[in-house]
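Heads up: the structure comes next, in structure tokens.
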Amino acid sequence: MLDLARTFSRVRFGESAPRDEPHRDAFQRDQDRITFARPFRRLQAKTQVHPLPHDSHVRNRLVHTLEVASVGRSLGVRAGALIEDRLERAGITPQEFGAVVRSACMIHDIGNPTFGHAGEDALATRLAAIAAGLADAPADLAYFDGNAQGFRIVTKIDMHRMARGFRLTYATLGAMLKYPWGARDERSRGGTKFCVFDTERDTFADVVRHLYGIDDPAAAPRHPATWLMEAADDIAYTLADLEDAVDLGIVPAREFAEIIGPIVGRTTGEVASLRGSAIGVLIDAAAAIFAGRVDAILSGAPYRGGALLDDLAAHAPAIGTAFEEAQRVNRGRVYVHDRKVGFELAADEIIGTVLDLVFAAALAFDAVRDVERLSRRHRQALTIFGDYRPEPGWPRHEILRAAVDAVAGMTDPYATFVAARLRGIERPL
């Protein structure tokens with residue numbers, strides 16, 4: 001059984017005891033650090049579902065993240081209230097429980113690359129081809145997942161670079177690990193759905209040891225707050241993506257009302273009103289499911305899959321059926337709309353072009369470890385790395401992974417700008 005007091009540790013990554021943090025508790029400080037971080041700001045120019053939308057009402061990745069964080073906080077507090085007796089014995093309040101969920105929500109997509117999931121797929125595909133052509137490629141170089149990139153960002157490469165990253169609490173780091181294993185674990189889905197690159201293997205082991213007292217990272221359970229973070233994400237994007245589809249003319253407002261109506265018990269009112277009411281209903285349902293499954297969640301067993309909302313239909317059949325219909329419409333019409341698919345085809349080309357350039361520069365830099373000895377093209381390419389420029393003393397796998405950091409960290413407009421310039425096309429940022 002998990003020790004909740006240990007699992008919600010206020011100790012910061014790499015430290016041995018909690019800090020004295022006046023005016024803000026440790027989890028509030030986590031949220032403040034995330035809010036002011038450069039990778040968090042870059043989410044405002046990254047795709048959620050619809051790339052480079054001209055309608056400012058359509059969500060980008062930052063707006064999505066803030067909405068998930070809002071849902072997550074409410075869900076965490078509600079679920080915490082339902083298990084308050086357990087939390088009280090561990091010295092945790094429902095508000096603190098909700099704060100950890102919110103922190104995890106704020107960084108749940110911080111590692112997502114340009115062009116959303118299409119960019120994630122494009123990076124993974126191109127990296128597999130690059131790694132296949134390297135005789136001595138690092139073992140997991142061929143893989144990419146935004147979850148693992150996010151863990152790398154907050155623990156290593158941003159804010160305090162190569163010196164514990166954001167220095168968040170262990171509780172928040174544990175809560176962000178949706179898939180607590182590496183790319184080569186058998187639970188990974190063909191090189192996706194994992195949270196740890198080999199470059200952060202020791203960091204992951206440290207987090208698991210600190211939170212759960214386990215020396216084998218492969219035996220890590222899922223953090224209790226992770227279940228709620230995932231549910232908050234599922235609730236937010238399912239309803240918001242459908243709402244955006246109304247704004248873009250993909251789904252009629254009347255159809256939206258008919259889909260969401262069974263969740264809220266009405267089909268009248270504005271789209272935003274229906275969406276807001278549905279979120280409230282789904283928060284209550286997800287919190288109740290969590291409370292009903294809390295013994296299994298706290299058992300400490302290694303996580304092998306599943307989500308809270310998998311039980312939604314069993315918990316409330318009408319609500320579950322309506323939610324599944326919203327997901328079906330998103331998959332069948334919204335996520336495959338011509339506007340989205342056409343741009344994603346271009347995204348493959350853009351990411352491939354930029355990654356080839358920066359990866360060649362990383363290989364050249366690794367060979368000589370001296371910028372002045374590089375060709376002009378490779379020196380210029382290194383400037384594109386920005387915050388992620390490699391250092392001469394780094395091991396080879398970090399230098400090569402820095403090329404991935406550079407591309408994954410680009411915004412949609414900047415990646416498009418760089419790719420256009422490489423083709424001799426003038427395109428303003």
Worksheet item: Among the candidates Gly174, Gly150, Gly165, which residue alone is in contact (Cβ under 8 Å) with a residue 40 or more places away in the chain, closer than 15 Å to Ala402 by Cα and crowded, with 24+ Cβ neighbours inside 10 Å?
Response: Gly165
Discussion item. Take Ala272 and tell me if it is surrounded by fewer than 22 Cβ atoms within 10 Å (Cβ to Cβ), in contact with an Asp or Glu (Cβ under 9 Å, 6 or more places away or on another chain) and not in a loop (DSSP other than H, G, I, E, B).
Written reply: yes
Discussion item. Cβ contacts < 9 Å: first residue in contact (Cβ under 8 Å) with a residue 24 or more places away in the chain, restricted to segment 245-264; second residue of a type in the set (Ser, Thr, Tyr) and surrounded by 15 or more Cβ atoms within 10 Å (Cβ to Cβ), any location; separation 6+ or different chain. Result?
Written reply: Ile260/Ser277; Ile263/Ser277
Worksheet item: Could you give every pair whose Cβ atoms fall below 6 Å, whose first residue belongs to segment 59-71 and is under 13 Å from Ile34 (Cβ atoms) and small (Gly, Ala, Ser), and whose second residue is open to solvent by 50 Å² or more (accessible area, probe 1.4 Å) and assigned to a helix (DSSP H, G or I), counting only separations of at least 6 or pairs across chains?
Response: Ala69/Arg102
Item to complete: For segment 1-41, name all the residues that are among the charged types (D, E, K, R), assigned to a helix (DSSP H, G or I) and out of contact with any Leu (no Cβ under 8 Å at 6 or more places or on another chain).
Response: Arg29, Asp32, Arg38
Worksheet item: With respect to Gly332, is the statement that it is assigned to a loop (DSSP other than H, G, I, E, B) and among the small types (Gly, Ala, Ser) true?
Response: no
Worksheet item: Quick one: what pairs do we get from segment 270-283, first residue free of Cβ contacts under 8 Å to residues at least 60 places away in the same chain, second not in a helix (DSSP H, G or I), C-beta under 9 Å, 6+ apart or different chains?
Response: Leu274/Arg266; Leu274/Thr267; Leu274/Thr268; Ser277/Gly265; Ser277/Arg266; Ser277/Gly269; Val281/Gly265; Val281/Ala316
Worksheet item: Quick one: which of Ile250, Ile279 is open to solvent by 20 Å² or more (accessible area, probe 1.4 Å), farther than 27 Å from Ala99 by Cα and not basic (Lys, Arg)?
Response: Ile250
Worksheet item: So how many residues does segment 69-128 have that are at pLDDT below 95, in contact with a Lys or Arg (Cβ under 9 Å, 6 or more places away or on another chain), assigned to a helix (DSSP H, G or I) and open to solvent by less than 10 Å² (accessible area, probe 1.4 Å)?
Response: 2
Response to the item:
Of the residues in segment 399-414 that are open to solvent by 10 Å² or more (accessible area, probe 1.4 Å) and touching a helix residue (DSSP H, G or I) at 6+ places or on another chain (Cβ under 7 Å), the one that is nearest to Met162 (Cα to Cα) is Gly409
Worksheet item: For segment 395-412, does any single residue satisfy the condition of being in contact (Cβ under 8 Å) with a residue 12 or more places away in the chain, among the polar types (S, T, N, Q) and in a loop (DSSP other than H, G, I, E, B)?
Response: yes
Worksheet entry | Residues (hydrophobic (A, V, I, L, M, F, W, C), within 18 Å of Pro252 (Cα to Cα) and touching a residue at least 40 places away in the same chain (Cβ under 8 Å)) located in segment 300-346 | Ala322, Phe323, Ala326, Val329, Val334
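Yes or no, residue by residue, for (1) touching a strand residue (DSSP E or B) at 6+ places or on another chain (Cβ under 7 Å); (2) of a type outside the set (A, V, I, L, M); (3) open to solvent by 80 Å² or more (accessible area, probe 1.4 Å):
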position	(1), (2), (3)
Arg12	yes, yes, no
His23	no, yes, yes
Ile34	no, no, no
Arg42	no, yes, no
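The values are calculated or read from the model by the stated rules, or taken from the named source; none is laboratory data. Since the structure is predicted, the reported quantities are computational estimates derived from the model, not experimental observations. Heads up, the Cβs are rebuilt from the backbone with ideal geometry, glycines too, and the neighbour counts pull from every protein chain shown. Please note that ligands, DNA and RNA were not included when accessible areas were found on the heavy atoms of the full protein model with its side chains. Shrake-Rupley method; radii C 1.70, N 1.55, O 1.52, S 1.80 Å.
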